[in-house]
Amino acid sequence: MTEADVPAVSAIRVTGWKSAYAGIVPRSFLDDMTVEADIEQRRQYFKRAGEGVTNLVAVDPHGRVVGWACLGPLRRGGSSAATGELYALYVQPSLTGSGIGRILLDALHARAHADGFDRVLLWVLADNSGARRFYERAGYVADGAVQADDYDGVSVPEVRYQRQLLK
């Protein structure tokens with residue numbers, strides 16, 4: 001990913017949230033999300049992401065960004081230097097199920113292994129059954145950890161998954 005990819009990544013992220021989280025995250029929160037605001041957030045994040053954070057994009061045959069994934073050091077819930085965290089994985093909603101997400105995930109696993117991680121954790125909304133099935137098919141297992149984030153005054157639970165990487 002380059003900084004030039006930020007607008008496309010933001011469009012995928014916002015449409016992905018509105019598609020995948022409808023009925024899970026309050027509509028007021030989703031309605032307030034805009035691509036323009038997300039572009040500013042992604043640009044700031046991209047500038048300060050720092051060492052050890054990997055942002056990958058998937059592009060179609062025409063060079064258009066159709067997916068994005070981000071991996072880095074574990075942020076919370078542990079301190080193992082050998083554990084990476086999948087911060088985000090989004091695919092253009094019209095292409096969900098096309099294999100793009102799995103390609104991005106496999107590329108991130110390879111990068112995580114090259115960076116010295118032997119396991120990857122991720123958080124997924126508890127009620128996002130599609131994402132949970134996707135990660136379970138990719139070898140992730142819920143490890144019992146839970147947390148909740150607040151979206152417009154509504155507590156939305158998340159579950160943590162982990163996967164050991166092959167050596």
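The values are calculated or read from the model by the stated rules, or taken from the named source; none is laboratory data. Since the model is a prediction, treat every value here as computed from it, not as a measurement. FYI the Cβ positions are ideal-geometry reconstructions off the backbone, even for glycines, and counts take in every protein chain you see.
The figures follow:
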read-out	value
Hey, LEU166 outside any helix (DSSP H, G or I), exposed (fewer than 15 other Cβ atoms within 10 Å of the Cβ), modelled with pLDDT under 95 and hydrophobic (A, V, I, L, M, F, W, C) or not	yes
Conditions (1) outside any loop (DSSP other than H, G, I, E, B); (2) crowded, with 17+ Cβ neighbours inside 10 Å: number failed by ILE103	(2)
Residues of the range 63-115 classified as under 24 Å from VAL146 (Cβ atoms) and hydroxyl-bearing (Ser, Thr, Tyr), total	5
Of all residues making up the range 125-154, the number that are among the β-branched types (Val, Ile, Thr) and touching a strand residue (DSSP E or B) at 6+ places or on another chain (Cβ under 6 Å)	1
Which listed residue is more than 13 Å from the chain's Cα centre (by Cα), charged (D, E, K, R), closer than 20 Å to GLY72 by Cα and surrounded by fewer than 16 Cβ atoms within 10 Å (Cβ to Cβ), from ASP143, ASP152	ASP143
Pairs, first free of Cβ contacts under 8 Å to residues at least 60 places away in the same chain and under 15 Å from GLY67 (Cβ atoms) in the range 1-12, second assigned to a helix (DSSP H, G or I) and polar (S, T, N, Q), C-beta under 8 Å, six or more apart	SER10/GLN41
Any chance PHE29 is of a type outside the set (Lys, Arg), out of contact with any Pro (no Cβ under 8 Å at 6 or more places or on another chain) and without any contact (Cβ under 8 Å) to a residue 60 or more places away in the chain	no
Any hit, the range 70-83, residues being crowded, with 18+ Cβ neighbours inside 10 Å, part of a helix (DSSP H, G or I), aliphatic (A, V, I, L, M) and modelled with pLDDT of 90 or more	no
Selection count, the range 120-137, where residues are loosely packed, with under 15 Cβ neighbours inside 10 Å and under 22 Å from LEU166 (Cα atoms)	3
